[in-house]
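The values are calculated or read from the model by the stated rules, or taken from the named source; none is laboratory data. All figures in this text were calculated on a predicted structure; none of them were measured in a lab. For neighbour counting, all protein chains shown are included, and Cβ atoms are generated from backbone atoms with ideal geometry for every residue, glycine included.
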Amino acid sequence: MLLRVIAAHPALLPPPECHRPSAWRGAVVVSGKVSKRAVVRNRLRRLLHRHLLSLDPTPLQPSWVVLSLKPGSAELDPVQLLGECSHLLRQAGLTK
């Protein structure tokens, strides 16, 4: 799994009245190399989206976060995959 974090450009952020305020916005990228089956890719994407929404973000400035799964991620246990995701977010200073 690969984590990319960049500072959000203020002009591109949505107005506060459109969305609930959050310290970061996230996306999950699951390529066809992870699994040829769309069902499997979508299941992984939903799993990680739910995990990201359940976390309490801690950065000081708004950030954009992109999680990219590597080939072989579809064979991992979901608990192991979520643990790796949490570890990367903690390492980046995005969660506690």
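Assorted remarks:
- Subset of region 45-89 (residues that are more than 12 Å from residue 3 (Cα to Cα), in a helix (DSSP H, G or I) and touching a Ser or Thr at 6+ places or on another chain (Cβ under 8 Å)): 51, 74, 81
- Within region 28-40, tally of residues that are under 16 Å from residue 2 (Cβ atoms) and among the basic types (Lys, Arg): 1
- Residues in region 9-46 that are within 15 Å of the chain's Cα centre (by Cα) and at pLDDT below 85: 22, 23, 24, 25, 26.
- With respect to the conditions (1) at pLDDT 85 or above; (2) of a type in the set (Lys, Arg); (3) surrounded by 12 or more Cβ atoms within 10 Å (Cβ to Cβ), residue 50 lacks only one, and its number is (3).
- Boolean, residue 94 is part of a helix (DSSP H, G or I) and either among the β-branched types (Val, Ile, Thr) or under 14 Å from the mean Cα position of the chain (by Cα) (or both): no
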